[in-house]
Amino acid sequence: MQPRRYACPVADPPAELLSPDTMEEMCQPQILLNSQLWNGAMGLGFFLMRSSAGRTWVGHTGGMPGHITGVFTHRESGTGGIVLMNNTAPPPPDAFAIELADHVVEHDPVDADPWQPGTSVPDELRPILGRWFSEGQPFVFWVEQGELKARIDKPAAAQLTPSRFVRVSDDVYRDVAGRERGEVLRVTRDADGNVTKLNWATYLFTREPIAFGEHLS
């Protein structure tokens, strides 16, 4: 089915079809569709719609007299919602497709990947692991399958996509997912090689919570 073949690459585009970086850029909001509701935006060629469940769906509508369509994809779960209606005055095709697909995500979720033993932790990352604080907010850093990840250390944050870092150079990493995506994480060490602080998107991270500006005193 052609709509299905369109929806799948939106979730995970093959590199030979479209650079993943380009897809990420296309899926960033550029302008709100409704400045009062904040429930939808335009990306670069895509509608970005927020469902009542809080998920972001990427896609587009289309049609001609007598035919209305909507194809929207939830990229995180790889779920697509497709509606094809032979009606000139149908329900909104975006809302219809998203409501159907939201039901699937909630009631027929994808099975979790089987557990696999983790890889060894790179030596340069070991001193970074654990809890850090920024402006009183606790964060936790860990390594998963050899990659450095981080998120706010609060129960509500468990539903958020964790930040994932790739190495740029010695003690410099780029955030490629989640919070502060695109920003740089810099690691500062003392003369003995011990990590003394982190700067993520220029924000200071320390092992103990400190008052704002206290590190300057």
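The values are calculated or read from the model by the stated rules, or taken from the named source; none is laboratory data. From a predicted model like this one, the values you see are computed outputs, not experimental measurements. For neighbour counting, all protein chains shown are included, and Cβ atoms are generated from backbone atoms with ideal geometry for every residue, glycine included.
Here are the numbers for this structure:
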quantity	calculated
Total residues in the stretch 77-103, condition under 24 Å from Gly178 (Cβ atoms) and surrounded by fewer than 16 Cβ atoms within 10 Å (Cβ to Cβ)	2
Any hit, the stretch 36-52, residues being basic (Lys, Arg) and at pLDDT 90 or above	yes
The stretch 48-76, subset under 19 Å from Gln159 (Cα atoms) and free of Cβ contacts under 8 Å to residues at least 40 places away in the same chain, residue surrounded by the fewest Cβ atoms within 10 Å (Cβ to Cβ)	Gly54
Selection count, the stretch 162-217, where residues are in contact with a Lys or Arg (Cβ under 9 Å, 6 or more places away or on another chain), under 18 Å from Trp132 (Cα atoms) and not in a strand (DSSP E or B)	9
Restricting the stretch 1-47 to residues that are β-branched (Val, Ile, Thr) and farther than 18 Å from Val105 by Cβ, the residue that is surrounded by the most Cβ atoms within 10 Å (Cβ to Cβ)	Thr22
Pairs where the first residue, in the stretch 137-148, is farther than 25 Å from Pro209 by Cα and the second is of a type in the set (Gly, Ala, Ser) and part of a strand (DSSP E or B), C-beta under 9 Å, 6+ apart	none
Filtered residues of the stretch 88-104 (kept if assigned to a loop (DSSP other than H, G, I, E, B) and closer than 23 Å to Ser51 by Cα)	Ala89, Pro90, Pro91, Pro92
Residue list for the stretch 155-169, filter: surrounded by fewer than 17 Cβ atoms within 10 Å (Cβ to Cβ) and in contact (Cβ under 8 Å) with a residue 12 or more places away in the chain	Leu160, Thr161, Val166, Val168
Residue that is surrounded by the most Cβ atoms within 10 Å (Cβ to Cβ), among those in the stretch 122-154 that are small (Gly, Ala, Ser) and farther than 16 Å from Asp175 by Cα	Ser134
Scope the stretch 147-180; condition within 12 Å of the chain's Cα centre (by Cα) and on the phi > 0 side of the Ramachandran plot; matching residues	Gly178, Glu180
Residue count for the stretch 25-73, restricted to those that are under 19 Å from Pro13 (Cβ atoms) and among the hydroxyl-bearing types (Ser, Thr, Tyr)	2
From Ile98, Ile82, residue being of a type in the set (A, V, I, L, M), farther than 30 Å from Asn194 by Cβ, assigned by TED's automatic domain parsing to the domain that holds Phe46 and under 22 Å from the mean Cα position of the chain (by Cα)	Ile98
Which numbered condition Thr196 misses (of (1) touching a helix residue (DSSP H, G or I) at 6+ places or on another chain (Cβ under 8 Å); (2) more than 28 Å from Gln28 (Cβ to Cβ); (3) among the β-branched types (Val, Ile, Thr))	(1)
